[in-house]
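Asks: Have a look at this one before I ask anything.
The values are calculated or read from the model by the stated rules, or taken from the named source; none is laboratory data. In this text, all values refer to a predicted model and were calculated from it rather than measured experimentally. Backbone-built Cβ (ideal geometry, glycine too); neighbour counts: all protein chains shown. Each accessible area value is taken on the protein alone, full model and side chains, heavy atoms only, with ligands, DNA and RNA left out. Shrake-Rupley method; radii C 1.70, N 1.55, O 1.52, S 1.80 Å.
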Amino acid sequence: LRATIHPYISQAFIQRIALICERIASPDSRQLLIELAELPNLFWRASALRALRIFDPIEAESSRFQDLLNEEWQLAQRLIAGIDGEEDTIMVASLEYELTLLIQRIFGLLTQLYGSEVIANAQRGVLHAVRDRKANALEMLDNLIPQPTYRSLQTLVDDMPVAEKLRLLTKFNGPLADPQPIRRYIIQQGNTKFSDWTISLALRSISVDAVSTTSLNHFLDSSNPLIRDSALTVVEQLPQNNPDRQQLLTSRTTMTHHQTTQISIVDRIYALKRTSLFASTPENVLSSIAQIMNEVTYHEEQEIFKKGET
């Protein structure tokens, strides 16, 4: 299983590997899951942490999980700082979704540090509590985890002004080593830390000068059509006489996708969002649904479906 892992492996394949390791439930499979959790891809980490829940904590490994927890606090500060300085409500909602995923990973790490049952109960309490009661759901952890960790987690889930959240997280975990605008950080980190929709928003809203040719090359070669189209939008903003423009557009699968579909992935996402069924679903989730939709053209008077058909 370890030999099958490479940087370009799909998330679905990683989920399968994590599930197999969970079912094997051996010391070796546990070590592979920890190795997956330590890789820079946070979506791989989430899969590994879910599978690790069946294993009891081992004190000798606690420093490894503590290091990962420290990384998550730094990312939490970046997300909160981004939300605090953001005027675009769509980007704010996307960053809040990323923060929700981060909180889930934090609970997974706490499980490996302090045991599963109490942590799991606290996580369920946070998940089901109304917004202004989420911090109260953490009270069962007060005497189980260190106070800085408890206060940091309480700050993340509590209903308080964003600026106050940022102040407290900085107080508990120290300042960021390299603070930078959130959109630039999103593009710099890409799919290792952020979902496709968040990356797409950053690409479509950032200044052309703030994106390197290397980053654009990477995004144009992405297997994800939403990211490819968003990167293409950036390239098309480059001046016609810019030498990088033609180079970036040469032999791109992006061009084929861009020209043969009438409805873009972004428009599909917004169309789904306008339906009653998906009105409360985050765009980050809808982006996955939009990519498996088929675009079909019908002519006037052509039958689409009959009542009673599947």
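Asks: Provide the packing ranking of 47-58, 173-184, i.e. peptides ordered by the mean count of other C-beta atoms within 10 Å per residue, highest first.
Replies: On the way: 47-58: 18.9, 173-184: 13.9.
Highest-to-lowest ranking by the protection proxy: 47-58, 173-184.
Asks: Summing Lys, Arg as +1 and Asp, Glu as -1, what charge do residues with Cβ under 12 Å from the Cβ of LEU102 carry, LEU102 excluded?
Replies: Working: positive: ARG45, ARG78, ARG105, LYS193; negative: GLU71, GLU72, GLU96, GLU98.
Around LEU102, the surrounding residues sum to 0.
Asks: Residue-wise, which Karplus ³J(HN,Hα) couplings in Hz belong to the range 269-276, taking 6.51 cos²θ - 1.76 cosθ + 1.60, θ = phi - 60°, and x for glycine or proline?
Replies: Calculated HN-Hα couplings, in order: 4, 5, 5, 4, 4, 7, 8, 5 Hz.
Asks: Also: For the chain, what is the accessible area per residue in Å² when the probe is 1.4 Å? Can you show the working numbers first?
Replies: On the way: 16880 Å² over 310 residues.
Value for the chain: 54 Å² per residue.
Asks: Heavy atoms only, probe 1.4 Å: what % of the accessible area of the chain goes to carbon and sulfur, would you let me know? The partial results should precede the final answer.
Replies: Numbers: 8710 of 16880 Å².
Reported share for carbon and sulfur atoms: 52 percent.
Asks: Another question, if that's okay. For the chain, what is the calculated [θ] at 222 nm in deg cm²/dmol (nearest 500), taking -39500 (n - 2.57) for each run of four or more DSSP H residues and dividing by its residue count? Present the calculation step by step, with values, prior to reporting the outcome.
Replies: Details: 16 runs with 191 residues, N = 310.
Here the helix-only value at 222 nm equals -19000 deg cm²/dmol.
Asks: Hey, what do the phi angles of the range 169-175 turn into as Karplus ³J(HN,Hα) couplings, whole Hz, using 6.51/-1.76/1.60 and θ = phi - 60°, x for Gly and Pro?
Replies: Residue by residue, the range 169-175 yields 5, 5, 5, 7, 10, x, x Hz.
Asks: Taking a ≥ b ≥ c as the square roots of the eigenvalues of the Cα gyration tensor of the range 157-305, is the shape rounded (a/c under 1.5), prolate (a/b larger than b/c) or oblate?
Replies: On the way: a/c = 3.00, a/b = 1.28, b/c = 2.35.
In terms of gyration-tensor shape, oblate.
Asks: Would you mind calculating the relative contact order of the chain from Cα pairs under 8 angstrom and at least 6 residues apart, reporting the percent as a whole number? Each step should come with its number before you reach the end.
Replies: Details: 309 pairs, mean separation 40.3, N = 310.
Here the relative contact order equals 13 percent.
Asks: What are the extents of the Cα atoms of the range 1-61 along their three principal axes, in Å, largest first?
Replies: 32, 21, 18
Asks: Output the Kirkwood hydrodynamic radius of the range 101-147, Cα pairs only, in Å rounded to one decimal.
Replies: 10.7
Asks: If you don't mind, another one. How big is the chain on each of its three principal axes, counting only the C-alpha atoms and giving the largest first in Å?
Replies: The Cα atoms of the chain stretch 65, 53, 45 Å along the principal axes, largest first.
Asks: Using only alpha carbon pairs under 8 Å that are at least six residues apart, calculate the relative contact order of the range 128-200 and give it in whole percent.
Replies: Working: 35 pairs, mean separation 17.1, N = 73.
Computed value for the range 128-200: 23 percent relative contact order.
Asks: For GLN104 and ILE58, FRET efficiency with R0 = 30 Å and r from the beta-carbon atoms, rounded to 0.05? Could you put the intermediate results ahead of the total?
Replies: Working: r = 22 Å, r/R0 = 0.73.
Computed FRET efficiency for ILE58 and GLN104: 0.85.
Asks: If you average 1/r over every pair of different alpha-carbon atoms in the range 1-138 and take one over that average, what Kirkwood value in Å do you get?
Replies: Values: mean 1/r = 0.0622 Å⁻¹.
Taking the inverse mean of 1/r over all distinct Cα pairs, the range 1-138 comes out at 16.1 Å.
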